[in-house]
Amino acid sequence: MSVARRVLVLVAGRLREHRELVKFLVVGGTCFVITAVVNYVLKFTVLTGKPATALVIATIVSTVVSYVLNREWSFRARGGRERHHEAALFFLISAVGVALNPLPLLVSRYVLGLRQPEVGLLVQEAADFAAGMVLGTLLATAFRWWAFRRWVFPERTPAEPPVVPDVDLDEAA
């Protein structure tokens, strides 16, 4: 077996072991693109001067898409909760993620001062992308991965056998 073939077999095995994580990351990548497109459309049209608001709206849009894709693909084999309960937990946890997402952007803009006129437009936009789109998304994604697995889509547990009380038939008679 060639080295390339062995590497491919090893990588394929690792991907199978972490199939759920790979699916979650594919959904996340898709939603990242949705967030970026919506964010920049809003930021450069109707929400000029309000980058955090544009990012929050874009994140909410991608969160709705994320629920559908995660429920029906990434975590399809998990759960066991009623859909309305699961959806409520998903959106509650996602709301925390939405709140976490703009934090690096807010720090970049308003604590570090990486905004016009203190810096040029190119520096501002590069800092916004790095802080809001990259760091914010990584922070929110790490939190969501942990929280979704823990509370929204927990491992299914096999049905427990019914508890039969210990009754001594001789004493009962």
Hey, Thr48 hits all of (1) out of contact with any Cys (no Cβ under 9 Å at 6 or more places or on another chain); (2) part of a helix (DSSP H, G or I) but one; which does it fall short on?
(2)
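Matching residues to (1) touching a Ser or Thr at 6+ places or on another chain (Cβ under 6 Å); (2) more than 15 Å from Lys50 (Cα to Cα); (3) free of Cβ contacts under 8 Å to residues at least 24 places away in the same chain:
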{"position": "Leu103", "(1), (2), (3)": "no, no, no"}
{"position": "Leu114", "(1), (2), (3)": "yes, no, yes"}
{"position": "Pro117", "(1), (2), (3)": "no, yes, yes"}
{"position": "Val123", "(1), (2), (3)": "no, yes, yes"}
{"position": "Trp145", "(1), (2), (3)": "no, yes, no"}
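Mind listing just one residue for me: the one in region 11-29 that is of a type in the set (A, V, I, L, M, F, W, C) and under 14 Å from Ala77 (Cα atoms) and, of those, nearest to the chain's Cα centre (by Cα)?
Phe24
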Anything in region 47-76 that is out of contact with any helix residue (DSSP H, G or I) (no Cβ under 8 Å at 6 or more places or on another chain) and either open to solvent by less than 50 Å² (accessible area, probe 1.4 Å) or over 23 Å from Leu105 (Cβ atoms) (or both)? List them, or say none.
Val68, Glu72, Arg76
So if I check each of Gly97, Gly120, Gly113, which one is over 17 Å from Tyr40 (Cβ atoms) and touching a Phe, Trp or Tyr at 6+ places or on another chain (Cβ under 9 Å)?
Gly97
On the given criteria, is Arg78 of a type outside the set (Phe, Trp, Tyr) and within 22 Å of Trp151 (Cα to Cα)?
yes
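The values are calculated or read from the model by the stated rules, or taken from the named source; none is laboratory data. This one's a predicted model, so the numbers in the text were calculated from it and none came from an experiment. Please note: Cβ atoms are built from the backbone with ideal geometry, for glycine as well, and neighbour counts cover all protein chains shown. SASA here: full protein model, heavy atoms, side chains in, ligands and nucleic acids out. Shrake-Rupley method; radii C 1.70, N 1.55, O 1.52, S 1.80 Å.
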